[in-house]
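Values quoted throughout were computed directly from the atomic coordinates according to the rules given, and no laboratory measurement underlies them. This one's a predicted model, so the numbers in the text were calculated from it and none came from an experiment. Positions of Cβ are backbone-derived with ideal geometry, glycine not excepted, and every protein chain shown enters the neighbour counts.
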Amino acid sequence: MTLEDAGATVSSFVKAADAMTWLDTFTPSAGVLDYRVGVDKSDDIAHTLRARGVPVVFYSGLTDRPDVPEELQGCTWLTKPSSPDELVDLLHKLLA
């Protein structure tokens, strides 16, 4: 809701496979991903977005990231909890 209130069009997915199917047809301006949702991880989504030049933000509760592949460690991470304004400001900077 925060991103929509800031003027973004948001596509939200609970399963990584659903997001990957969506990416077969669409390319977003930015990706805001939780690294781990249930048993799913968003590695493949992040790799796909980065290959297309799309900025990726991991918005996650993970403070320790031992299972995150090294090539994704350099992505922008915003740790939950954080204020909604922090996420919006971060996206504005990445998209500028």
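Would you point out the residue of region 13-43, among those that are under 22 Å from LYS93 (Cβ atoms) and out of contact with any strand residue (DSSP E or B) (no Cβ under 9 Å at 6 or more places or on another chain), that is surrounded by the most Cβ atoms within 10 Å (Cβ to Cβ)?
PRO28
Starting from residues that are assigned to a helix (DSSP H, G or I) and in contact (Cβ under 8 Å) with a residue 40 or more places away in the chain, keep the ones in region 44-94 and report whichever is surrounded by the fewest Cβ atoms within 10 Å (Cβ to Cβ).
PRO84
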